[in-house]
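The structure appears right after this line, and notes come after that.
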Amino acid sequence: MTLDVVTLLTEIADIGRDPVRGGYSRHVYEPAELELREWFRRTSAGLGLEVETDRNGNIWAHWGPRGDGTIAIGSHLDSVPGGGAYDGPLGVASSLAAVSALMEEGFVPARPVTVAAFGEEEGSRFGIACLGSKLMTGALPGAKVAALVDEAGVTYAEACRADGIDPAGLGRDEERLASLAAFVELHVEQGIGLADLEAPVAVASSILAHGRWRLVFSGEGNHAGATRMRDRRDPVAAMAAAVLAAQRIASAHDGADSARATIGRLVPIPGGTNVIASRVDAWLDVRGDTDPQTRALLEEILSASHAAAQEHGCTLEVTEESYVSTVNFDPDLQQRLVGALGGVPVLATGAGHDAGILAAEVPTAMLFTRNPTGVSHSPYETATDEDCRAGAKALTEIVRLLASEPRR
Ligand code: GLV
Ligand code: MN
Ligand code: MN
């Protein structure tokens, strides 16, 4: 029986719900994400696929004999804190649905096809996004990832053992990269482009340059009642000024409408109502069309943040935690997808994806499925059942196209 993408998403709808934030919190190697991994393995095995977990914590479900010229499809299962149901799982479920539809009609691929579920795409637990694909491509060294620490002090090396991964094996996977002829990731659109165009499916053109910086403002912890305003060195006040500066500066850069700056995570220490904090840790996310634009935007925000720290008698320490340059997807593959789908729209995105990391090594493309509100990284992310099925159907056609070509 053909697997239906909507039914597959319904099967996992209760896994990892977050009763406090709403939506889903499915962080890598935590119980909910481990349950999703088991669901993916079980469902893939049920289709007759050969399931393999690679040494970087990515799971692969192989259709047919493995080898050169493989067409890979897939996405991720983890979520941001309080994320939606579609970001990630829609791509994995659509991939399984596509393979099952082709099997059902008796299609025989002329080359290997594999479905991938990448680990820690969001960077919600260990701070850096796309860890699975960055490890596989060597964009991040295994030793660096192994040493990353989550909020509870657990290292990646300790955490990955929960899915049987030996941290000694983390790192670039030459053989797997060499075996891939193409990677196509289907994803719910994380903007309003398709809704504006009144179309269900698009092909991606590019991803904005983007990075994350950790900002540590340090001041003097003190008593909220006994410390005069003029005697304070309050890092929260300095941070608040930095947040407003980031907003103001990115908005002023908006000629191309692609400059973005966000501080969405702040941790005041010690974090008491009647306590002036001694320190605030914050994470700044900056994105832009090109590397120079993104770097210029960052520099302006950091300069305003240093000034804010000084004004409040505090210090500021900045660390770059990750950076990915602008990605332009393979133009040939892009055009072939557009053609095969009857001339669907082509859209750029500001969201990062494993496809953006693999694009440096393998001809890579993305399909987007309409998001009626454009909201994502939120419990309110939505997609209609009809559009999810249209996306899975489009992916089916793309696998048919790519897997029909004999290996050279
Ligand atoms: C991932 O979704 C990102 O763009 O941060
Ligand atoms: Mn996401
Ligand atoms: Mn995603």
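A short reminder: the numbers here are calculations on the coordinates, not readings from a lab. Everything numeric in this text was worked out from a predicted model, so none of it was measured. Cβ placement follows ideal geometry from the backbone for every residue including glycine, while neighbour counts extend to all protein chains displayed.
Note on the chain: antiparallel DSSP beta bridges, both residues inside, total approximately 70 percent of the bridges counted. Taking only the C-alpha atoms of the chain, the Rg (one decimal) and the largest Cα-Cα distance, Dmax (whole number), read 22.2, 78 Å. Stokes-Einstein, applied to the Kirkwood radius of region 342-408 over Cα pairs at a viscosity of 0.890 mPa s and 25 °C, places its translational diffusion at 173 µm² s⁻¹. With a Förster radius of 30 Å applied to the C-beta separation of residue 220 and residue 321, the computed FRET efficiency comes to 0.70. Need one word for region 272-311: rounded, prolate or oblate. Basis is the Cα gyration tensor (sqrt eigenvalues a ≥ b ≥ c); a/c below 1.5 gives rounded, then a/b vs b/c decides. Oblate shape, in that a/c is at least 1.5 and b/c is the bigger or equal ratio. The listed peptides 340-346, 317-323, ordered by packing as a protection proxy, come out as 340-346, 317-323 (highest mean of other Cβ atoms within 10 Å first). A simple spin-label model places the labels of residue 386 and residue 51 3.5 nm from each other, with each point 7 Å out along Cα-to-Cβ.
About the Cα centre of region 151-230, how large is the charge dipole given +1 on each Lys and Arg Cβ and -1 on each Asp and Glu Cβ? Please answer in debye to the nearest 20.
Numbers: 7 positive and 12 negative charges, 136 e Å.
Charge dipole, region 151-230, about its Cα centre: 660 debye, nearest 20.
Between residue 104 and residue 20, the simple label model (points 7 Å from Cα in the Cβ direction) yields a spacing of 4.2 nm.
Taking Cα atoms of region 133-220, Rg/Rh with Kirkwood Rh, to two decimals? Walk me through the numbers before you get to the answer.
Numbers: Rg = 18.7 Å, Rh = 17.1 Å.
Expressed as Rg/Rh, it is 1.10.
Filter the DSSP H helices in the chain by two things, a Kyte-Doolittle mean of at least 0.0 and an axial alpha-carbon span of 18 angstrom or more, and list the hits by number.
Details: long enough: 31-46 (22 Å, -0.90); 89-104 (22 Å, 1.31); 235-252 (25 Å, 1.36); 291-311 (30 Å, -0.37); 385-404 (28 Å, 0.05).
Result, helices passing both filters: 89-104, 235-252, 385-404.
Relative contact order of the chain, taken over Cα pairs closer than 8 Å and 6 or more residues apart, is 23 percent.
How do 229, 103 line up, fewest other C-beta atoms within 10 Å first? Mind showing how you got there, number by number?
Details: 229 7, 103 17.
So the residues, fewest neighbours to most, are 229, 103.
Mind grabbing the base-10 log of I(q)/I(0) for region 14-116 at q = 0.19, 0.20 Å⁻¹? Debye formula, identical points on the C-alpha positions, no solvent, two decimal places. Rounded to two decimals, the profile gives -0.91, -0.98. Under the simplified labelling scheme, the residue 295-residue 192 pair shows an inter-label distance of 3.4 nm, with each label point 7 Å from Cα along Cα→Cβ.
For the pair residue 265 and residue 231, the difference between a 0.36 nm per residue extended length and the Cα-Cα distance amounts to 9.5 nm. When each of the peptides 134-144, 90-100, 22-32 is scored by the mean number of other C-beta atoms lying within 10 Å of its residues, the order from highest to lowest reads 90-100, 22-32, 134-144.
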